[in-house]
Amino acid sequence: MNTIATRLADVQQRIHDAAIKYGRLDKTIQLLAVSKTRPAENIRAALGAGQHCFGESYLQEAVEKIQQLSDAQVQWHFIGRIQSNKTKVIAEHFDWVHGLCSFKHAQRLNDQRPGNLSPLNVCLQINLSNETSKAGIAPEEATELAHLVHNLPRLRLKGLMTLPAPTETLEQQRQPFQALRELRDKIKTHELPLETLSMGMSGDLEAAIAEGATIIRVGTAIFGPRNYKK
Ligand SMILES: *Cc1c(COP(=O)(O)O)cnc(C)c1O
């Protein structure tokens, strides 16, 4: 087996072990392979090992890879920061967007989603305390934005996403994930179930699974260390 296939199997084992430990079903936890900064050949290796969902953060390299892999069955997730002048490219190339933080961007993505594609799946990014990046909206703003986004016909609001600063212990790691789950439970309604909790990365996926993650975004543990500081 090649290295990527081996690492992928290790990550799947971690997901399985955590699912058992915390009383979850494996199939309720989707693995998103974060392929930012990796060449298309690495994605092909993961595809060959059965991985079909990939997350990208940098649009130019993402679009190149999407074109190089147009023969393959890939579900593409945009997990980077959204800029207003890039929403059209995102709306045209991706199946999911995880980092939605403003109604302005939501409207642009909605208006620019091509008619021949299904609605764009989106998550609102929530900035809980201690974030590394300044992206994301405050929890107090989430209910209002969720209802506004829900009314856009070309977007499908799936849930919430967060990207907490790294911490040491499992207990510390669980705190922001618990807060995201509780926020989701507060906002959700019958019409707006917000089933997706996009949370957990290579270093804290067990904590995220413990708190109900439905999508974990894993880069390093599958593809190895990234060599440049992106
Ligand atoms: C890079 C990135 C990841 C993956 O991080 P790893 O530590 O490599 O698993 C997850 N989510 C987002 C938003 C990222 O930018």
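The values are calculated or read from the model by the stated rules, or taken from the named source; none is laboratory data. The structure presented is a predicted model; accordingly, all values stated were derived computationally and were not measured. With ideal geometry, Cβ positions are generated from the backbone for all residues, glycine too; neighbour counts draw on all protein chains shown. Calculation scope for accessible area: heavy atoms of the full protein, side chains included, ligands and nucleic acids excluded. Shrake-Rupley method; radii C 1.70, N 1.55, O 1.52, S 1.80 Å.
Is it true that some residue in the range 179-193 is closer than 17 Å to Ile79 by Cα and of a type in the set (D, E, K, R)?
Among the residues of the range 179-193, not one is closer than 17 Å to Ile79 by Cα and of a type in the set (D, E, K, R), which makes the answer no.
Identify, please: which residue in the range 207-230 is away from the ligand (no atom under 13 Å from the Cβ) and of a type outside the set (Gly, Ala, Ser) and is, among those, nearest to Ala33 (Cα to Cα)?
Thr214
I need the full set of residues from the range 43-57 which are away from the ligand (no atom under 13 Å from the Cβ) and either open to solvent by less than 30 Å² (accessible area, probe 1.4 Å) or closer than 13 Å to Thr3 by Cα (or both), in order please. Break it down stepwise before answering.
Here is the first cut: in the range 43-57, the ones away from the ligand (no atom under 13 Å from the Cβ) are 43-52.
Within the range 43-57, Ile43, Arg44, Ala45, Ala46, Leu47, Gly48, Ala49, Gln51 qualify.
Just one of the numbered conditions (1) over 14 Å from Leu124 (Cα atoms); (2) of a type outside the set (Asp, Glu); (3) within 13 Å of the ligand (Cβ to nearest atom); (4) open to solvent by 30 Å² or more (accessible area, probe 1.4 Å) is not true of Leu163; which one?
Every condition holds for Leu163 apart from (1).
Among the residues of the range 139-155, is there at least one that is under 24 Å from Ala18 (Cβ atoms), touching a strand residue (DSSP E or B) at 6+ places or on another chain (Cβ under 7 Å), of a type outside the set (Asp, Glu) and modelled with pLDDT of 95 or more?
Restricting attention to the range 139-155, the residues satisfying the condition of being under 24 Å from Ala18 (Cβ atoms) are none.
No.
List pairs: first in the range 195-211 and under 20 Å from Leu124 (Cα atoms) and open to solvent by 20 Å² or more (accessible area, probe 1.4 Å), second among the basic types (Lys, Arg) and near the ligand (Cβ under 8 Å from one of its atoms), Cβ under 9 Å, 6+ apart or cross-chain?
Met201/Arg217
Exactly one of (1) open to solvent by less than 30 Å² (accessible area, probe 1.4 Å); (2) within 14 Å of the ligand (Cβ to nearest atom); (3) under 24 Å from Gln112 (Cβ atoms); (4) not small (Gly, Ala, Ser) is unmet by Leu69. Its number?
(2)
Looking at (1) buried (at least 16 other Cβ atoms within 10 Å of the Cβ); (2) closer than 24 Å to Glu56 by Cβ; (3) of a type outside the set (Ser, Thr, Tyr), which is the only condition Arg184 fails?
Exception for Arg184: condition (2).
Here is a list of conditions, (1) without any contact (Cβ under 8 Å) to a residue 40 or more places away in the chain; (2) more than 16 Å from the ligand (Cβ to nearest atom); (3) surrounded by fewer than 17 Cβ atoms within 10 Å (Cβ to Cβ); (4) not acidic (Asp, Glu), and Leu192 meets all of them except one; can you say which number that is?
So Leu192 meets the others, but not (1).
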